Structures are given as structure tokens and as C-alpha cells.
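Contents: one structure, followed by commentary.
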Amino acid sequence: MLAWFSENTLLLGLAALDGLSYAATVFMVAVGLNLVFGVLRILNVAHGSLFAIGGYVAATLGLFIASHGLPAWLSLPALLLAAVLTGALLGPVIERLLLRRVENQEPVLQLLVTFALFMILEDLQKLVWGVQPVVSDAPVRLLGTVDVPFGTDVIPFTAYQLFVLPGVAVVTLLGLVWFLRRTLAGRMIVAVTEDREAARAMGIDAARVTLLTFSAGAALAALGGALASPTASLVPGVGAQTIVLSFAVVATAGLGRVEGAAVTALLIGLGRAFAVYFEPELEVVIPYIIMVAVLLVRPQGLFGVLETRRI
Amino acid sequence: MRRAGEVLLVLLAAALVLVVAWTVPWLRFVLTIALAKGLAVLGILLLLRAGQVSFGHALYLAFAAYAIAFGAARVPETLLLLPLAAIGAALLGLLVGLFVVRYREIFFGMLNLALSMVFYSLLEKFYSITHGTDGIRLPPTTFAGQVLDPETQGWAMLCLALLLSILFAVLVRIYLASPIGQALAGIKTREARLEFMGISGRRVLLSAYVLSTLMAGCGGAVLAMTTRHVTPALSYWTASGELVFIAILGGSGSVAGPFLGAVAYELTRVYAAALVADAWQMVLGAVLLLVILFAPGGLWGMGRALVGRRRQA
Amino acid sequence: MSVLLSARGLRIAFGGLKAADGIDLDVMEGEFLAIIGPNGAGKTTFINMATGYLKPQAGQITYAGRNILGMTPRQIVRLGVARSFQLPQLFTEHTVLENTALAVAAREGVWSPFAPLLRPRFRREAEEVLDRFGLLPLAGQRADGLNEGARKLADIAMAVALRPRLLLMDEPTSGVASADKMGVVETLARVLRQSGVTAVFVEHDMDVVARFADRVAVWGQGRIMALGPPEQVLNDPDVRRDVIGIGPGEASHAAA
Amino acid sequence: MTSENPGNPAGRAAGLITRRATLGAAMAGSLLLPGRQTQAQAAKPAEIKVGIATYLSGPASVFGVPGRQAAEMLFDEINEAGGIGGVRVRPIFVDEGPGVDHFVGEYRRLVQSEGVHLLFAAISSADCLACTPLADELKRPTLLWDCGTQRIFEDNRFEYSFRTQANATPEILSALLYLLRAKPDFRSIAVVNQDYAWGRDSWEIFRTGMQALKPGVRIAAELFPRFGATDYSTEITRLLALRPDVVLSTTWGGDLDAFIRQSSDRRLFERSTFVLPLAESSLERVGKALPAGHIIGARGDHWFLHPNPRDQALLARFTDNFRKRFNAYPIYPCHHMAQAVFAMKAGYEKAMAAKNGGWPTDAELAGAFRGLEFPSLTSSVRIREDGQGLENQIIGTSHHTDKYPFPVMTDMVVFPAEMVTTPVGQKSTDWLKTLKPDIVQGLPQPVAYRP
């Protein structure tokens, strides 16, 4: 009995490790979407495409580095570069050319613009990168593995999974919180998130904030994809699968809440890991179960604020 | 006078569908599918009136389709299965609706999406019953006990889809003009006022939700009996997205919009797939983008603008 | 005269602001009671509490002898308490006629999906109400196309169409051009008197108060500072200094 | 008699032609014109049109696109050689990506509008299940070129559909038999399959066979990660902790690449022997991340280094041409496509020979496929009386050599089709239960990799 229990404690520990690294990837995918939703009030369906493109760009850079005999450590900063490139190039283009034009339309039309964009990008990706899975695993190889003790046994984890993924997620979370609270641009974003009209009245240039936020969101999506690229294989359709998960996170977290995205990602990450260990059949539905459960108790999401309308 | 004109227009449209299907046999199938989806899109339109977007209505379509698939193995009678499947979908809609009508906007949309994805997973999980993604092949169904040959069966399904489309379009129009339908539109602009007038926004939305699921159920039933093969992909979130896509493409200004949109959507997809098999998604995306940017009223709005201009000229 | 609405010991605070700090107030059947007071004093909060939109942190509210505390706005309106809003709450995509007809329908019950909203009976009654407010020429216009004054009237017309026994109005004349103001209030008062409606209205225009209120309550610092007939309350030096002297009523007072 | 039958194809065709005369003129655009109807009297067409359903979008396009490339290359070759019976062949591709309801419409369009003479359908099992009855209804010969489900011909009988390759049962059973011989002492197994029909079905086959042939193996874990999953770290941790002797995974495409790579990074391959029946299609991409000593398969006997191909020159030429044109080694869907193309050619030739050179009707062509034996790139395939193809299976062990930047197979066993295929009229799950352990002794000898 005791042996069984101690074995399960160990298992729980392992599951927690897996859950943490998975939570990091979920957070990276969802936080940008959440930020964008907060400011633009658009659920950006093309977010998944930006994730995929970020991944593809990172893999392309990685393969370029490998094939030109450049030092392998370059593949790590290349991940970041891919995210910045994608965000800086595609973000402003999408925001200026498309979203700006439907700014005053009904929300469903705005959402469908991003849906149309998603369809277009999905085929564009295929034209650029083909259908064969693309991967560049230099960053994982570079950092090697770490043996985690497990009773008398050891379990090798990749250092990438154990340190880089959660590390980047934590840095992103702290960086965003700092940015939103302490910098002028960040505070403007928060102001627009909370009350667009009031922010405008205070003289905040909502158009600029929108552009900035959308580009940042795009870069975060791309960073998520870039971080996933060394382990995951990029194939057509990877964007569609990413986006449903992010949707669930955004609704669970509460709109525009960065901390909410972090907590939700943790819930989903740990929930999924425990499911794989103890009830594998539940794995796929974990995000939805968590979402429905959270919204039953808190209809505005974990960190959302109930909007009371002035009448 | 105006009513007579409308009746004439409906009859003309129905006749056009039949003529096209008769002339071009393979389009009969495509048109039947389009009308079936149009029925589900009519439900989306109803919810759009309340300013709510469901990203999970494919759930009801898939539910009815699977109900037909399981039912047809036992009693393969169209006229029995169809109402049963549709009512089943509506009952599920009532159950889910009691929960989701408490939410608005993104929460409403996402909860619907979540539930449809859970259903999708269930279809996968109960592999031994549903055969997972391989899906279930349906036996041919009878019409009032008559075994029809495939050709006649195809016509029967098209006519059935046409009848259901007209029936529900009329019903939805009556509903939208009624106080409850007007209150539904009030949810979009000023739900709080409804409460201060003694009308429950949630109950109004629930009525529309159940009606929408009934129509999605009818659509799913026709779809299943036409393709005669059901798979879980019917309830994947992109299938729900497609319904919203069609609603906007057709235009939410009229009950004719969903059917116009569905036919245009299916034809565009078929033609895009035939001309650029590699990039049909891109074509569809571009079409949608152009419609939103240049004709936010959808095809129906475009048509009306054209007619209006001609009258003015 | 009997008490229709009775509040006892109402308390509510938002953050540090005590909007109501022990309010006792009775509204008598058939009277017109005006509530005046500085901006942000909590007058609207009183309406919100009486209609179930806000729940007081302490106190009692009874209507026609029934405890209505904890009831939803929907339940309270069904008892015969209607309200209008400082910011008009119209269905902006509907016409004025439809807005009003919807109120008629709300009273009659909306659950009859087979007859249109604008069935002859509802249409006739809605038009009658609009006519009384002089809004009939605007009946076919979409509510979001109206000017502020017309919106305000339409908002009240909707409340009146509910045929309430008690009508709570939040600044019924704000936004109405001052030239029309008296005429509007005249009409309103006539309509309400005809149908025997009891009315409570929050108002800043002291002329309006003086002319139409049976009694005036002065709301300040979360309490009822004075209560009585207008000629008595409005001439109270404290009220003149604290409320009228600094309230927006001053401008209109001077203009009159 | 026949004139009273509303289903009489000739009668329908005549009726349609008059309709066409009256209305067809008004319709514009070639797509709107009705296609060729089924005909009783066959005339030699100007070209043979072949509708080919394959994945051009979505994750399964990793198979669909190489399949299409193989088709393009082989159709070109046939045309350069003068066509079939002097008639050129033309492929018309349709995408399976949008799902079954769309595909069923596309199938009808291909038959009724494009007027294709035969169809190659499909990669998705769902699409095959949906189109086989349709083939009978529209009376158009249909070759099932890649889908794996064994249900099609076990549950039904069809007149116009034929499978030009094996099905899931031989593909999985041969991997199991190979494992039983290569590692007879294994005591525990874990499975990591994609959460969809193929993943479930293939595990069902493997487990049923295993319980008959080697009862008492402990099933350590049954994991079904989401289809399209990108991260397997949790599953891998679980397997590292459980230390099963064998890890089975029928996963494919990007999912398999990711699973192999992540397992390799975390040294899972050192703890368990992997059985990967679809690994051949990922070898070039995963490279030597897949270590030596694990069991790999190719859904058939498809391997560019096949130990004893029927026609070495044919295999080498195909491999070289494909590499030259598309810069990749041909993987199993290319072989499957080649089989469909070769079956089409052989079928036409057989039907024409039976008519002394006359052009066959649809029914005659369909009839020719039953019992047809045609060459594949590595051996030959025979279509059984129930429509199922009998295709050999190759399973081998991964092996590293300097000659290739990716693992190749060694200790290759080519399983004769009859040995591993469910007999006609039986259901796989029933048949697998009747297998006796001594079947393992009768296996062909493994052949080592020859540099």
C-alpha cells in the first residue's frame, strides 16, 4: 500500500514536470491571442497560422544555419529572430490592410476576416514550405538531456523541455506584466483593454495601441511556433489545431488577462499530464472540461471582470 | 402585392434549383447538400440577430446525422427518422441551451465550440460503436415504406430539402416578425432594457437557440441521408466556422441569405477544387474577404442593392 | 392616501462613496415625488435599488406592501413598477414604433410567435402612446437616428406603454431642448395623471420640480436631507445653498 | 423487360441526351455540362480520364502529394509509350482534405461531369467506405489505391471497387509476426497511436493477433494522443518510467517524425524496442534520429532496396526517375499509386484481349479487374474474387550505414500475401483469433542489408 502510494507520488512529480513544460507551450500559444482580444476585441482565428509561420520561419533559419556550417548555438537566437521577423512583418500588414478596414463593422465580420485570412495563409504556407514535415532540432540537440531521478531509476528529460520552454514562458509572463504595468505603452494597452472610449477620451491614440498590440500578439504567436519547432514537426493543418486550444484558454482566462492565460495554461498543462498518467482517454477533452467548469463557476472567466453597464 | 411577388420569387428559386439539378445531374447532390447546410445556417442567422455567434452549431448537425446513421440500421424510414433526429437535436439544444444562454459574445461562442469539440471527441472515443473517423455507412432509407432506386432517392432528398428549406424560411420569418423575434433582436442592442420591460433575455435566446438546433438537426438529417456516410469531422470546429462563413456570405438581412450563401459556397468550393485543387482554401478565403470588405451585406445585400439601383434608374 | 413604495434604512456604498447611508422614504399612491440633489449623490442608485438592478447592502424596500428586496428587475416590473433611464435605453436597430410596440407586447406577454409584433392592436396602442408624446411623426424612424430629446421621450414612452402603477424616471428632461421642456413635462404629467400613475422622478430643473412635484425629497450625503411640498423645500435656505445653488439647476433657474 | 427498369443505364442515357439537347445549350461553362453516362456499347474514347482522389491539404498531404507526384510521372510514362491501347491517359486530381461530404460530391462530379473512365480513391478510409457503394450505383470502376481499412470487403460485396494493395490486417499482422520472431521473449508492450480510426483499428488488430499468438503479454499502457499532436513529452516520460519491452506505434506523418525525434532525444529507444509499421515513409526526414535495431515497415513490400524484386531494373528506374524529378525517395504511397496505375493498364489490356481488341464497357473493365494479376514495382499483386488485393509485406530492422543519410532496413522479411491476409469471407478479428503460434516457425528467412 505504502509502496503503491510512494510510487504514485513519484509519478505525480513526473507528471507535474511534463505538465509544466506543456503549460509553457500552451501559455506561449495563448497569451498573444489573449492580449490581442483584450485590445481589439477580435478573436483572431489567424493566430494559429501565425504560430505555424513562426515555426516554419524558425525551422528554415535553423536549417540554413546547419547547412551553411554556422555555429549551432546560433539556432537558439534564431528562434527569437523568427518570432520578431514574423511579428514585425506580418503583424502591421494584417492590422493595417485588413483589421483596420473593418474596425467599425460588427464583431462577427471582424472575426470572419481573420477566418478568411486563416484559410488564405493555410494554403500560402503550403505553397512556400510544401507538405512534407519540416523540423530543425538543433536547439534540442545542443542542450542535451538532464537525468531526473525516479526512485531507483532515472528519467532523461531534454534540457530544452525542462528549462528553455518554461524559462521563456516565465520570462514572457514577467516581461509582459512588467511592460503592461510599468511602461507608458503598456499602460495605454491596459487602458484601451479596460475601456476603449475612456482611453480615447484621455487622448490615447487607440490606433497606435491597436497596431502595437496586434504586432506584439503576432510575434508572441510566432514565438510559440518557433519554440515548438525544434521538437514538433510542422505540417499543413498545424495551425487549425493550435487555434482551438488557444480559444479555450482565452475564454477560460478572462478577456485580455495575461495572468489568466498563465493560470489557465498551468491548469490545462497539469490536467493533461495527469490525464495521460491516470486516465489517458480524457487527455483530448481536458481543455474543454476545464473551460466549462471554470465558466460554470465564474461566467466572466478566471481573471475576467464582470462588466456592469451604466444605465 | 408584395407578398405575391415574394411567393413568386420563392417558387422561381425552387424551380431554378430543380431545373439545374435536372440538367446537371451531379449538381443535384451538391444542391441537396447546400440546402441542408442552409437549414443549419438559418439557425446561425437567428442567433446572429441576437448578436451571438455560435462556433459549435455543427454539433447539432452531427448529432442528427449520427442519430440517422444509428436509426437507419434499425428502421430505415426517412419520414420517421428525419423528425426523430431533428427533435433529438432540438432536445439536446434545449439541454445545452439552458446552460449556454447565460453567456454572451465570446463566452457563448466558445462554450458552443467547446461542447461541439467534446462531442467530436466522444465520437472518436466510442470507437467500437462509431468506428471513429472511418465513420458509419448508412443503408438506403425508404420513403413512406417505398424502396426507391438511387436516382429517385436523389430526387426525393432534393425535394425534401427544398420543402424543409421553404418551410423553415417561412417559419423563421414569422418568428422574427413576432414579438419574441423582435425581442431577440433587442438582445443585440439593449438586453438590459428587456429585463426592465419584464422580458427574460435568456428565455428569448433559448427559444431561438432551440429553434436553431431543430433546423441544424433537419440539415444534419438531410445531409446524412444524402451523403450516406457520417464521420466525426461533421462536428469539428471548422465545420461550425463554415456555417458562420456561409451566413455572412449569404447575408444576414434575409431568410433567403443562408440558402443563397450555402449554394454559392458549395459551388465556389466545387469549382475552386476543380480548377485549383491545390489552393481551393485560398480561393474561398479570398471570396469571403472580398465579400466582407466590399459587400458586408452578403450576397443578399448585394442583390438588393443591384435591384434597388435598377429601380432608381 | 396609502404608501405605495416604502424604503427603510437603505445602505449602499461604492468603494468609499456612501450613495445611500440610511435612506427612509415613502412614496404615496398617486403622488409625483421629485428627488433632487447634487450630482453623484445617489439618486439614480435609489431607482436602481427600487427596480432590482442593485441590491442594497442593508435595508428594506416594500412595494404595495410586498417585500421586493432580492427580486429581479423582471419580477419587479411585472408587479407594475416601470422605469425610464438617464441614458435612453432604446433598441437602436428598431424603429420608434417597434420599440414602443415591444413594450406593449412585453406587458401582454411575448410568447405568441405566430402573430407579428406590429399586429393591429399593438400597433394602435403604440401609436396612441407615441401620439401622446408627440412622437408619432417619428414612429417609422430607427431609434439610433433620433436626436437626444426624442430619444429621451421615446424612452419614457416605452416605460409608459408598460402601463405601470409606479413609474420611476431618471432625469426625464435632461437632453430635452429647454424651449420644449415645459410642454413635454406638461404632456407627461397629463398622461400620468389621466392614468393615475404614481411617479418618482430625479430632476435637476427646479422649475420643473416646482411646477409638477407634489413633494420633493432632497438627497445629499446618502441621506434624505429634506422632504416636503416644493414651495417649502425649495425655499429652505440650506437646500438653496447646498443643492440649488451649486446644482446644474442654477442655469435653468436663472434662465426662467 | 429492361425498358421497364428505371435503373436501365442505356435508357437513362438516352433520356439525358434529349434533356441535354433542350437545356444543355443554355448552360455555359464546361463544368456545367453533364458528363458521359454509363454505356452499354463502348466506343474507343479520345483519352482515358482518371479521377484521382488524394490529400492535397491537411496533415495527410504528406502522403497525398507524393502519391500525386508518382501518378503524374507514371501517366507521363504511359503516354510517352503510346498510351493504353493507343489511347492517352489523363489524371484529374481532387483533394480529399475537405471531408467526406465534399468528397462524395466530387466523386459524382468526376463521374457525371468530367466523365472519368475510372477512379483511384482514396487515402482516407472514410472516403473509401463512402465511395464504394457509390461506385456500384454509378457503375464506374474504382480502384482503392491507398486506404487501409479492412472493413470494406469484409463487410460488403461490391461489383465495381477493387483494392490494388493490402489492408490493415496484413500490414499490422506481419509486423507482429516479425516481432515474435525477432524478440520472442518480450513480456510487456505499450502502444502510442494517433487518436483516430487507424490508430484504434491497428491496435485492435495487433492486440487480437498477439493474444492468439503469445497470450500473457502485459499491456503496460495504451496511449492515444490527439491526432496532429506536436508534443509527446508526457507520453515519453510515461514510457520511460514504465520501461515496456516493446513500444508499438502505427503513427505516421509529422506526428511520427515528432514522436521518433522526441523519443530519440530522451533515449527511449535505449529502453524499449520500437515497432513502427509506417516508419518507412518518415525515414528520410527523421534521418539517424531513429537508431538501429528497431522494427520498421512500409504498408506493403515497398522498399527501394527490396532484397529480391521481381524486376530490379524497373524498381531502380522508378526510384531514380522519381528522385530526379521530385528530389526525394519514393515512399509507400508512391508504390501504392504505381500499383493502381499498373492495375489500370493491366485491367484494360485484359479486357481488350477478352474482346479481341475491342474497347471494353465499364462493366467489362470492372470484370477484368476481378482476379487480375498485375506487376508492382517490387513483385506482383493479385486481386482476389472479393476485390481485395493480395500484396506481400516487408518488415525489417533499422540499420545505419554510411551510404545513406537515413536508416535502411536489414534482416528484411518479405511475408507472402497469402500467409498474412484474412481469407475470403472471413472477418479479420475472427480470423486473427484462430492463428496458431507455430505460424512463426514458417516465416521466410530474413535477408540482411547488402551494401
On average over all directions, what projected area in square nanometres does chain D have, based on the convex hull of its Cα atoms?
22.6 nm²
Work out the length of the dipole vector of the stretch B:1-138 about its Cα centre, built from +1 on the beta-carbon of each Lys and Arg and -1 on the beta-carbon of each Asp and Glu, and round it to the nearest 20 debye.
260 debye
Zero-based 10 Å bins, Cα pair distances in the stretch C:91-145, whole percents:
27, 55, 17, 0
Amide H of D:I296: which non-local residues (sequence gap of 5 or more, or other chain) have their own amide H closer than 5 Å, using H built in the peptide plane?
D:L276, D:G396, D:T397, D:S398
Between B:H229 and residues 5 or more places away or on another chain, which pairs have amide H atoms under 5 Å apart, with H built 1.01 Å from N, and which residues are they?
B:L138
Give the Kirkwood hydrodynamic radius (Å, one decimal) of the stretch B:13-236, defined as one over the mean of 1/r across all pairs of different Cα atoms.
17.9 Å
From the phi of every residue in the stretch D:417-426, what ³J(HN,Hα) in whole Hz does the Karplus formula 6.51 cos²θ - 1.76 cosθ + 1.60 yield, where θ is phi - 60° and glycine or proline is x?
4, 4, 5, 10, 9, 4, x, 4, x, 10
Give me the angle, in degrees from 0 to 90, between the Cα long axis of helix C:148-161 and the longest principal axis of the Cα atoms of chain C, rounded to the nearest 10.
80 degrees
With a 23 Å threshold on alpha-carbon distance, the violating pairs from C:K152/C:K181; A:K126/D:K288; C:K18/C:K181; C:K18/C:K55 are A:K126/D:K288; C:K18/C:K181
In Hz, Karplus ³J(HN,Hα) per residue of the stretch B:208-215 (6.51, -1.76, 1.60; θ = phi - 60°; x = Gly, Pro):
5, 5, 5, 4, 5, 6, 4, 5
Over the stretch C:91-145, what relative contact order in percent results from Cα pairs under 8 Å that are six or more residues apart?
58 percent
Within chain A, excluding any trypsin sites (Lys or Arg not before Pro) found in a DSSP loop (not H, G, I, E or B) and having at most 10 other Cβ atoms within 10 Å, the longest uninterrupted segment runs A:1-308
Span-rule helices in chain A, defined as complete DSSP H runs reaching 24 Å or more along the axis (Cα) with Kyte mean at least -1.0
A:2-40, A:47-67, A:75-97, A:107-129, A:165-182, A:206-228, A:258-278
The whole-number value in µm²/s of the Stokes-Einstein translational diffusion coefficient for the stretch D:135-268, with Rh from the Kirkwood sum over alpha carbon pairs at 4 °C and 1.567 mPa s, is 79 µm²/s
Can you give me the relative contact order of chain C as a percent, contacts being Cα pairs under 8 Å and 6 or more apart?
26 percent
Once both axes come from the Cα atoms, what is the angle between helix C:178-194 and the longest principal axis of chain C, in degrees from 0 to 90, rounded to 10?
80 degrees
Once the cut-off is 28 Å, how many percent of the Cα-Cα pairs in chain A end up in the long-distance tail?
41 percent
Signed unit charges on C-beta, dipole axis of chain A, positive-most listed residue A:M188, A:A222, A:V113
A:M188
For the stretch B:191-252, report the % of Cα-Cα distances exceeding 13 Å.
75 percent
Roughly how many Å is it from the Cα centre of the stretch C:160-234 to that of the stretch B:252-313, as a whole number?
54 Å
Enter the angle in degrees (range 0 to 90, nearest 10) between the Cα long axis of helix D:197-213 and the first principal axis of the Cα atoms of chain D, meaning the one along which they spread out most.
60 degrees
Would you please give the residues with an amide H less than 5 Å from that of D:L390, counting only those at least 5 places away or on a separate chain, with H modeled from the backbone geometry?
D:R382, D:I383, D:R384
Arrange D:E114, A:E281, B:E77, C:E231 by Cβ neighbour counts within 10 Å, fewest through most, would you?
C:E231, A:E281, B:E77, D:E114
Tell me, what ³J(HN,Hα) does each residue in the stretch D:58-70 have, in order and in whole Hz, if you take phi through Karplus 6.51 cos²θ - 1.76 cosθ + 1.60 with θ = phi - 60° and put x for Gly and Pro?
x, x, 6, 5, 4, 9, x, 6, x, x, 5, 4, 4
Of all DSSP beta bridges located in chain D, what percent are antiparallel, nearest 5?
35 percent
Using the Cα atoms of the protein assembly as shown to build a convex hull, what is its mean projected area in square nanometres?
56.8 nm²
Springs between alpha-carbon pairs under 10 angstrom, Gaussian network model over chain C: which of C:V129, C:V200, C:V191 fluctuates most?
C:V191
Euclidean distance between Cα centres, the stretch A:239-280 to the stretch C:45-115, Å:
40 Å
What helix-only [θ] at 222 nm does the protein assembly as shown give? Using -39500 (n - 2.57) per DSSP H run of at least 4, over all residues, to the nearest 500, the answer is -18000 deg cm²/dmol
Geometric extent, Cα atoms of the stretch A:206-267 - Rg, Dmax (angstrom)
13.2, 38
Provide D:D245, A:D123 in ascending order of the number of other Cβ atoms located within 10 Å of each residue's Cβ, fewest first.
D:D245, A:D123
Computed over the Cα atoms of the stretch B:220-310, the Rg and Dmax in Å are 14.4, 47
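Computed from the coordinates by the stated procedures, all read-outs in this text should not be read as laboratory data. Everything numeric here is computed off the predicted structure, so don't read it as measured data. Backbone-built Cβ (ideal geometry, glycine too); neighbour counts: all protein chains shown.
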